[in-house]
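Report on the following structure.
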Amino acid sequence: GINHWTAMVTVPERMVFADTIRIRWIIFGLNGIEIVTFLIYFGWLLNRGRKEGERRRKKLAQTLYMLRVQRTLFNSYEDTSQIRSALCQVADAVTAEQTFLAEIQKDRIKGFYCYGKGGKGAEQTERAVREMTLQALLPHTLRRLSEGINILINETDRKSIPASDREMLERAGISSLMMVPVLDREMHLKGILGALDLQTRWEDCILLECVARNFLLALDSVASYHIIREMGSTDALTGLKNRNSYQMRLDE
């Protein structure tokens, strides 16, 4: 009870903080993983935003393109040259040298509208289209179109098609083509909307599909306009010109 002894035990720092150092490296590692994960997530958000912006931009451009075509075709029943103007807009959209609209009736071309940028004239393009549709370029072309199947052949795809089809393409002077059916409500083939000699490689035919309905309405409007005009100037019983026709002639 006289001497108060004190015992002091010392432990090396590396032993005391051994677990602390290990935990510190674990925390550093977790922080590194968190930073890398955040950077990846941030990059993913930027990429997603860019893709979403690009998708919206394409959607807006497609909508404006559809509205321009629809506005151009509005008075096509009075002036069928508006159909050719609309085909010009389609050619610009799909970067095609020629575009055409073939009106089909009983597997035959009833009417034909064409627009061409290059040296090909309308007659040459129409001859090539007639050869494609009526002489079976690509086996059962009309049947496939009647079933709502689009036809798309890029210039780089020509090696994968049959030799006979490739030979017919070369004979028609066509490097690439895109064709979509113009179907009515009963899914009957009323026409073919197509583009020839494409400058861009396309993966689908959406730019033609989205305006096919507008061209169908234009064809129906032209046919209805001629029927109504004929009814207004011709007597249904005798087939002779009626009083309206006489009055118009008299005024002239």
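The values are calculated or read from the model by the stated rules, or taken from the named source; none is laboratory data. Quick caveat, the model's predicted, so the values are computed rather than measured. Because the Cβ atoms are built from the backbone with ideal geometry, glycine has one as well, and the counts that use them run over all protein chains shown. When the accessible area is computed, the model is the full protein with side chains, heavy atoms only, and any ligands, DNA or RNA have been set aside. Shrake-Rupley method; radii C 1.70, N 1.55, O 1.52, S 1.80 Å.
On a 0 to 90° scale, report how tilted helix 163-172 is relative to the longest principal axis of the chain, with both axes built from alpha carbons and the result rounded to the nearest 10. The two axes meet at around 60 degrees.
Taking all protein chains as present, what is the carbon and sulfur share of the accessible area of the chain, in % to the nearest whole number, probe 1.4 Å? Spell out each step's value before the answer.
On the way: 9610 of 17180 Å².
Carbon and sulfur atoms account for 56 percent of the accessible area of the chain.
For the range 1-69, the residue among 40, 6, 66 whose Cα projects farthest onto the positive side of the dipole built from Cβ charges is 66.
May I ask you to derive the FRET efficiency for residue 11 and residue 37 from their Cβ-Cβ distance with R0 = 41 Å, giving the value to the nearest 0.05?
0.60
Note that the chain presents 68 Å² accessible area per residue, ligands and nucleic acids not counted, probe 1.4 Å. For the options 190, 117, 51, a Gaussian network treatment of the chain with springs between C-alpha atoms closer than 10 Å singles out 51 as fluctuating the most. Under the classification rounded if a/c is under 1.5, otherwise prolate if a/b is larger than b/c and oblate if not, where does the range 15-54 fall, given a ≥ b ≥ c as square roots of the Cα gyration tensor eigenvalues? Prolate, because a/c is 1.5 or more and a/b exceeds b/c.
Sort 33-46, 92-105, 3-16 by the packing proxy (mean of other Cβ within 10 Å over each peptide's residues), most packed first. Don't jump to the answer; show the numbers that get you there.
Details: 33-46: 10.0, 92-105: 21.3, 3-16: 6.0.
Listed from highest to lowest mean packing, they are 92-105, 33-46, 3-16.
The C-alpha atoms of the chain define a longest principal axis, and helix 18-72 lies at about 10 degrees to it.
Here the gap between residue 71 and residue 158, fully extended at 0.36 nm per residue and compared with their Cα-Cα distance, gives a gain of 27.7 nm. Placing +1 on the Cβ of every Lys and Arg and -1 on the Cβ of every Asp and Glu, with nothing else charged, gives the range 147-230 a dipole about its Cα centre of roughly 120 debye. Using a probe of 1.4 Å on the protein chains alone, the accessible area found for residue 241 is around 140 Å². Normalised by 2.2 N^0.38 Å, with N the number of residues, the alpha-carbon radius of gyration of the chain equals 1.93.
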